[in-house]
1. Among the residues of the range 3-50 satisfying the criterion of being loosely packed, with under 15 Cβ neighbours inside 10 Å and of a type in the set (Ser, Thr, Tyr), which is farthest from residue 278 (Cα to Cα)?
2. If you scan the range 275-294, which residues turn out to be among the hydroxyl-bearing types (Ser, Thr, Tyr) and surrounded by fewer than 12 Cβ atoms within 10 Å (Cβ to Cβ)?
3. Tell me, which residue of the range 184-213 that is touching a Leu at 6+ places or on another chain (Cβ under 7 Å) and not basic (Lys, Arg) is nearest to residue 45 (Cα to Cα)?
4. Would you please list the contacts, defined by Cβ atoms under 7 Å and residues six or more apart or on different chains, that run from a residue in the range 175-194 that is surrounded by 12 or more Cβ atoms within 10 Å (Cβ to Cβ) to a residue that is of a type in the set (D, E, K, R) and not in a loop (DSSP other than H, G, I, E, B)?
5. Which strands (runs of 3 or more DSSP E) sit wholly inside the range 169-235 and have at least 1 residues that are farther than 30 Å from residue 38 by Cβ and modelled with pLDDT of 90 or more?
6. Can you give me the number of residues within the range 250-279 that are in contact (Cβ under 8 Å) with a residue 24 or more places away in the chain, under 16 Å from residue 39 (Cα atoms) and either of a type outside the set (S, T, N, Q) or outside the structural domain of residue 27 (by TED's automatic domain parsing) (or both)?
Amino acid sequence: MALNAYLTQVRQLLKDPNGNTYNSTDLTAYINEARGELATTAECVRLLYQFNDASTFTTTGNTAIGVAAITNLLSTTNIQVGDLVTLAGTIDVVCQVTAIPPTTPAGQVNITVPALANSAGATFSFTHLFKTVVGQETYSFPQSAWPSQGYLRVVQVKSISVNWGGVFGSNNLQLEKASFTNYNAILGYYGKNLLAQPACWVQYGTTFKLRPIPSAAYPMQLDTICEPIDLATDTDPEAIPYPFTNAIKYYAAYLAFLSSQRDKDAENMMKRYERSHGNSRASVARSIVPNVYR
């Protein structure tokens, strides 16, 4: 839902259609606070931060050390600033994504590259690689989840899968999640020199730890809960899906009434928010039939 639609809904609840009592700046702040609250409690902003997005691109000119543009991407799904990417062309190199400018033509990103002289017009294969580092136990959450699509940052990792057998290997193992106490007491018993394919993980603050400590660069896939970006204009992308967006107006109105010391009205809006929040969760938690043949 766009920002102006949220503002209209909140003003209707406040009986202030012309903004005589509540200005748009304050209401926008309340709406964004409501969106953040809903996203974390309902876990409705999910992003599969993964390793298996492949595209092709063509260089726009001779590429030297520094920043170069790549165009004609078939898809920019999950390409993030700071990602390491493998360019498999006439020269195999590893580069880093430096920018995805919103004003550039569709399908263009900027990367930091080593020397690739005389590569004008060369076509390369692009593969997103989010992978382990040999001997490294602790990893930070992705700092920039997918802002261009409305995902600000990762706040929780639900599960981790590790690809075994190359970038698109034959095995995709989902790791067991442990409590930090068990992780530290049992898995941590083995020293830093025990390297193998990871089988277990634990979240610790805004990081996660893997054991055994990786013995190779294994591509990873994270199922994550994200915080949405703040809406500042009507064109900013909304990552919160319907029907969860229905509850946002009630929480924003609750905050507005609190600011006016209208506690009883605020309490009423909170009840309506909780009811709408619960209905949204129920509507997406439909019963499923795992296998119709059993």
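1. Top of the filtered list is 21.
2. Hits for the range 275-294 are 287, 293.
3. Here the residue is 201.
4. 183/209; 183/211; 187/211
5. 200-204, 207-211
6. 5
The values are calculated or read from the model by the stated rules, or taken from the named source; none is laboratory data. Values in this document were obtained by computation on a predicted structure and should not be read as measured data. No Cβ is skipped: glycine too gets one built from the backbone with ideal geometry, and neighbour counts run over all protein chains shown.
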